[in-house]
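Written out below as structure tokens is the structure these notes cover.
The values are calculated or read from the model by the stated rules, or taken from the named source; none is laboratory data. Since the structure is predicted, the reported quantities are computational estimates derived from the model, not experimental observations. Don't worry about glycine lacking a Cβ; one is built from the backbone with ideal geometry, like all the others, and counts go over all protein chains shown.
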Amino acid sequence: MGSESALRLDYLSLTELAERPSAWWRGVMGVAAFDAAAPPGATADVPVANVQTAVLDANARRYEVWRNGHAAQYGARGRIQYRVSADVIFGRLTLTESKPAGAADTASALHCVTQDAYRELFGLLDALGMPHLVRIWNYLPDINGGTSGSDRYWQFNSARQDAFIACGRAVTGPVPAACGVGSPLGAPLVIYFLASSNAPTVIENPRQVSAYHYPPEYGPRSPTFSRACLSNFAGGPMLFISGTASIIGHETVHVGDAAAQTREALRNIDALLQEANHLAAPAARFAIENLRFKAYVRHATDLAAIKSELRAVAGPSAQVLYLQADLCRRDLAIEIEATGLYPVNG
């Protein structure tokens, strides 16, 4: 098991959170609440990302809780709330789409708000001396919609890349692990992230074309993310696997078959685990049964088949949070992200 001082992720119920003593919350970096209010016990200085993307099984609702063994210190800058502990920062921001005066006629409101969000984020990281964005989550309302003459996900990708360039960040190679998934029409854009003073090791999947090298059929500007990142925090190595889908090369496979798409996504996760284990500390070996998963399911009717496939690979006791969300490609039924918490020694 990992060190008590290590950054860790858990999916905890309301009951479990209500049982935590007040001292426990001092080490909480941040929380993501899905279609729910802030959890009990979370004081005003704990950043809570309120995401309107729905939990598929409301009776098994879980909160995504990031915690460090060290006491975390709260801060705020602009629209970002954050906590810093040791060599890691968790932050979140929520933005309503609007187009400021003076914006280019060709720029959509989504483009403007996305670019502003990332500029603000990078400004904070530079000011804190933690410039390395390791993992970022983007919950994009109406991701498959089309406004201002283009797909909304394409608009998001263009704005994200513009902000990376404007802030002096690479748009290929050393880029963060990420996901961009849907939230309901009319919801705000919600972003939360982890960053560090230490540069992560980026990992690509030999079975896939890197997302930042996608051909133009997937949009005029490529997505800016790596397939995974390996970070060596004070408590030990930690693996962040981006949203992973049924894609080989750059093409979607098994269209119309949610179970087969789940199996293919898990094969891609396994390929990333193998790559990570070549790069991790000599004694660290990440294993699929030790991952935390978040599964984004387009159609609730596919949930049983997806659960069956995931449990067959990760085991019946795997920690999985199932959310219903539209995905970046209309032909994808499932996307799975994962976090490697406990390197297995041996």
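The table that follows gives values for the structure above.
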read-out	value
Residue within region 142-150 that is buried (at least 21 other Cβ atoms within 10 Å of the Cβ), modelled with pLDDT under 95 and not in a helix (DSSP H, G or I) present	no
Test: residue in region 20-43 that is in contact (Cβ under 8 Å) with a residue 60 or more places away in the chain, over 30 Å from Lys307 (Cβ atoms) and surrounded by fewer than 19 Cβ atoms within 10 Å (Cβ to Cβ)	no
Residue satisfying all of: in region 271-293; of a type in the set (D, E, K, R) and within 12 Å of Gly340 (Cα to Cα); nearest to the chain's Cα centre (by Cα) among these	Arg292
First in region 291-310 and closer than 20 Å to Asp270 by Cβ, second anywhere and part of a loop (DSSP other than H, G, I, E, B), Cβ under 6 Å, 6 or more apart	Tyr296/Ala325
Number of the exception - Lys99 against (1) part of a loop (DSSP other than H, G, I, E, B); (2) modelled with pLDDT of 90 or more	(2)
Candidate set: region 105-163, residues that are touching a Leu at 6+ places or on another chain (Cβ under 7 Å) and basic (Lys, Arg); chosen: the one farthest from Ala228 (Cα to Cα)	Arg152
First in region 125-143 and within 16 Å of Phe164 (Cα to Cα), second anywhere and surrounded by fewer than 21 Cβ atoms within 10 Å (Cβ to Cβ), Cβ under 6 Å, 6 or more apart	Leu125/Pro131; Met130/Ser197; His132/Ala199
Scan of region 102-133 for residues that are outside any helix (DSSP H, G or I), over 22 Å from Thr201 (Cα atoms) and either aliphatic (A, V, I, L, M) or touching a Ser or Thr at 6+ places or on another chain (Cβ under 6 Å) (or both), ordered by number	Ala103, Ala104, Ala107, Ser108
Residue list for region 223-251, filter: at pLDDT 95 or above and either outside any strand (DSSP E or B) or surrounded by fewer than 17 Cβ atoms within 10 Å (Cβ to Cβ) (or both)	Pro223, Thr224, Phe225, Arg227, Ala245, Ser246, Ile248, Gly249, His250, Glu251
Selection status of Ala187, aliphatic (A, V, I, L, M) and in contact (Cβ under 8 Å) with a residue 24 or more places away in the chain	yes
Candidate set from region 44-59 (those that are free of Cβ contacts under 8 Å to residues at least 24 places away in the same chain and over 16 Å from Thr94 (Cβ atoms)); member that is surrounded by the fewest Cβ atoms within 10 Å (Cβ to Cβ)	Asn59
